Amino acid sequence: QVHVVESGGGLVQPGGSLSLSCAASEITFEIYDLNWYRQAPGRQRELVASITARGAIEYADSVKGRFTISRDNAKKTMYIQMHNLKSEDTAVYYCNVYYGGLDYWGQGTQVTVSS
């Protein structure tokens, strides 16, 4: 059974930093494209950052220059480093792993940016 688990969320002040991790099991991790999504209250889920199996990276305009996505295939883990956090970054952050018709999601981790 595939497991995808996020960790690292929490409360941080505006301007602060936070790192999230996403660990996956029971998949051939290195062939999967990986994505971080987020969903704020009352808003649709949005794609924040992605890293393909080949290492191509894209970011949403709202996080460019502040967030960094990475992956460690040996550890079957994806990361996102978030800097200069803003109140509008407050959301539940979800990890998504995708390959062909295989699509798995984590349960989400809350990130709250507030003073």
Residue 102 - accessible surface, heavy atoms, 1.4 Å probe, Å² rounded to 10: 80
Efficiency of FRET between residue 84 and residue 1 - r from beta-carbon atoms, R0 30 angstrom, step 0.05: 0.20
For residue 48, distant residues with modelled amide H under 5 Å away: 36, 37, 38
In order through segment 51-56: 3J(HN,Hα) via Karplus (6.51 cos²θ - 1.76 cosθ + 1.60), integer Hz, x for Gly, Pro: 9, 7, 4, 8, x, 6
Charged-residue dipole, Cβ positions (Lys, Arg, Asp, Glu), the chain about Cα centre, Debye nearest 20: 200
Table column - 3J(HN,Hα) (Hz), segment 102-114, Karplus curve with 6.51, -1.76, 1.60, x for Gly and Pro: 9, 9, 10, 10, x, 7, x, 9, 7, 10, 10, 10, 7
Antiparallel bridge percentage (DSSP; both residues within the chain; nearest 5): 95
³J(HN,Hα), Karplus 6.51/-1.76/1.60, whole Hz, each residue of segment 83-89, x for Gly, Pro: 10, 6, 5, 10, 4, 6, 7
Placed amide H near residue 86: partners under 5 Å, 5+ positions off or other chain: 15
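Percent of accessible area on the chain owned by carbon and sulfur, 1.4 Å probe?
It is 47 percent, rounded to a whole number.
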Contour excess over end-to-end distance, with Cα ends at residue 44 and residue 68 and 0.36 nm allotted per residue: 6.4 nm
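The values are calculated or read from the model by the stated rules, or taken from the named source; none is laboratory data. Here the structure is a predicted model, which means the values were calculated and not measured. For neighbour counting, all protein chains shown are included, and Cβ atoms are generated from backbone atoms with ideal geometry for every residue, glycine included. Areas reflect the complete protein model, heavy atoms only, side chains present, ligands, DNA and RNA absent. Shrake-Rupley method; radii C 1.70, N 1.55, O 1.52, S 1.80 Å.
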